1. How many of the residues in the stretch 67-86 are more than 26 Å from residue 388 (Cβ to Cβ) and surrounded by 21 or more Cβ atoms within 10 Å (Cβ to Cβ)?
2. Any residue at all in the stretch 118-133 that's part of a helix (DSSP H, G or I), at pLDDT 50 or above, out of contact with any Lys or Arg (no Cβ under 9 Å at 6 or more places or on another chain) and surrounded by 11 or more Cβ atoms within 10 Å (Cβ to Cβ)?
3. Would you check if residue 306 is at pLDDT below 90 and either aromatic (Phe, Trp, Tyr) or in contact with a helix residue (DSSP H, G or I) (Cβ under 7 Å, 6 or more places away or on another chain) (or both)?
4. Being out of contact with any Leu (no Cβ under 8 Å at 6 or more places or on another chain), among the aliphatic types (A, V, I, L, M) and without any contact (Cβ under 8 Å) to a residue 60 or more places away in the chain: is that true of residue 38 here?
5. For the stretch 1-42, give me each residue that is among the basic types (Lys, Arg), open to solvent by 70 Å² or more (accessible area, probe 1.4 Å) and either assigned to a helix (DSSP H, G or I) or at pLDDT below 85 (or both).
6. Among the residues of the stretch 51-63, write down those that are over 13 Å from residue 10 (Cβ atoms) and open to solvent by 10 Å² or more (accessible area, probe 1.4 Å).
7. Farther than 27 Å from residue 346 by Cβ and touching a Pro at 6+ places or on another chain (Cβ under 7 Å): does that describe residue 45?
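The values are calculated or read from the model by the stated rules, or taken from the named source; none is laboratory data. All of these numbers come straight from a predicted model, not from anything done at the bench. All Cβ positions, even for glycine, are placed from backbone atoms using ideal geometry, and neighbour counts span all protein chains on display. Surface areas here come from the heavy atoms of the whole protein model, side chains and all, with no ligands, DNA or RNA. Shrake-Rupley method; radii C 1.70, N 1.55, O 1.52, S 1.80 Å.
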Amino acid sequence: MAALAMNVSPQRALTALVAAGRDHRNVAVRKCTAQYLVTIVERMGTGRVMSGIKDITDKVLPTASMFACDSSGEIRYYGKKVLYQLMSHEDFDKLLVKHVAPKHLKDVQSKVEELRQRGLGEMPTDTPSARHRRAESGGSRAKSGSRDSINSPSSTLSTPTSSAKKKSPRGADTGLEECKELFGLLDARDWQQRSQGIQQLMDMCAAGHPAVFNNLVKVFDRFVPRLTDNNTKVNLFALQALLTMIREVGPYADVPLINSLVPQLVQNLASKNQQIYTTTKEVLNAVVQHIDNGLLLQPFANSAQYGNARVKPDMIDKLSDLVLEVYVRKQQSVIRHVLPVLWHLLGNMTSSGALPGGTGNIRDATNRLANSLHLQMGDALLEYGGNLTQRHLQTLKDMLANPVQQ
């Protein structure tokens with residue numbers, strides 16, 4: 001299956017894969033199909049998959065949607081991973097409606113909205129079969145925990161335990177009634193009322209209002225859509241507001257808030273409005289400064305790999321900066337989330353330095369990411385790249401021999 005996905009033309013591989021495994025009754029077969037669907041979609045690139053070409057778009061979207069609603073958690077993860085990559089395309093919602101069966105569409109749209117708000121998240125590992133295997137082995141794996149290290153590329157990469165969430169200044173869910181007026185303004189149809197809501201939120205954050213900090217995730221669920229508001233004035237004002245609020249909010253940001261915030265914020269890097277673009281870069285710098293960088297690693301990696309082609313160079317550079325800050329204390333997280341991004345970029349970058357379906361040049365940004373990783377990992381980086389083709393491995397060596405400064 002791996003040879004099929006990597007060596008046959010992507011369109012032929014896709015046709016064979018979907019025909020053989022999409023509707024198979026065996027969970028293991030569907031899981032394998034979903035896993036290699038991710039590989040094929042990454043090879044094709046978002047632009048080609050969403051181009052409307054017969055036997056590509058009309059196969060990928062229904063198949064990914066089916067997998068995203070599967071009974072198996074791992075299969076759902078792979079299905080959502082494909083949708084997460086494609087949802088940055090401007091015609092995604094329209095094509096989803098066109099190609100997904102009406103009886104499944106509502107469930108799929110709900111999954112997509114969840115991805116937009118929460119991000120992709122971690123692959124589920126605690127499946128019933130995994131629990132059964134642990135029971136049979138007497139829980140030996142749980143007892144034999146290892147330190148976060150990279151002594152050997154073949155070492156097992158254990159899933160990091162979730163860090164304890166930072167507590168809000170007061171108990172949760174108190175003062176939610178006081179936020180109703182704020183929510184009404186942030187959701188208002190009139191753009192001036194939405195701007196008024198943003199101003200009110202800024203004032204409440206500056207004053208350390210308990211109603212905001214006790215319900216931070218719920219408040220930001222209402223605020224975050226304003227970061228991509230259709231009205232340019234509201235869009236820009238929300239970015240400027242976030243720039244001032246992040247100092248107060250950052251220390252209390254947890255995974256749900258960050259996974260909701262980052263994808264929406266990053267979309268603005270694709271804006272043709274120079275003021276929005278510049279302000280977004282300033283906000284991202286502030287986010288890195290005031291939020292635990294370890295929590296930012298996965299959403300930044302997802303944006304660098306699956307985001308709009310226009311945001312990739314900036315997000316790859318941001319990811320390079322995070323590697324330098326995070327690697328010392330979270331080596332396994334860097335290996336788990338950042339190395340796949342580098343392999344994806346090396347494997348899909350064209351001779352012109354662009355990705356399929358994109359026009360921006362990512363060669364220099366990829367060079368900086370490779371060198372940031374090499375600075376921390378040394379030659380272990382090349383050992384982890386043992387599965388790269390000779391051509392891609394040589395490209396990596398050339399980048400390490402000729403580092404590019406930002």
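1. 6
2. Yes, some residue in the stretch 118-133 is part of a helix (DSSP H, G or I), at pLDDT 50 or above, out of contact with any Lys or Arg (no Cβ under 9 Å at 6 or more places or on another chain) and surrounded by 11 or more Cβ atoms within 10 Å (Cβ to Cβ).
3. Details: at pLDDT below 90: yes; either aromatic (Phe, Trp, Tyr) or in contact with a helix residue (DSSP H, G or I) (Cβ under 7 Å, 6 or more places away or on another chain) (or both): yes.
Against the criterion (at pLDDT below 90 and either aromatic (Phe, Trp, Tyr) or in contact with a helix residue (DSSP H, G or I) (Cβ under 7 Å, 6 or more places away or on another chain) (or both)), residue 306 qualifies.
4. When the stated conditions are applied, residue 38 passes them.
5. 12
6. 52, 54, 58, 62
7. When the stated conditions are applied, residue 45 does not pass them.
Residue by residue, here is whether (1) out of contact with any Ser or Thr (no Cβ under 7 Å at 6 or more places or on another chain); (2) not β-branched (Val, Ile, Thr) holds:
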position: 315; (1), (2): no, yes
position: 328; (1), (2): yes, no
position: 331; (1), (2): no, yes
position: 340; (1), (2): yes, yes
position: 371; (1), (2): yes, yes
position: 377; (1), (2): yes, yes
position: 384; (1), (2): yes, yes
position: 387; (1), (2): yes, yes
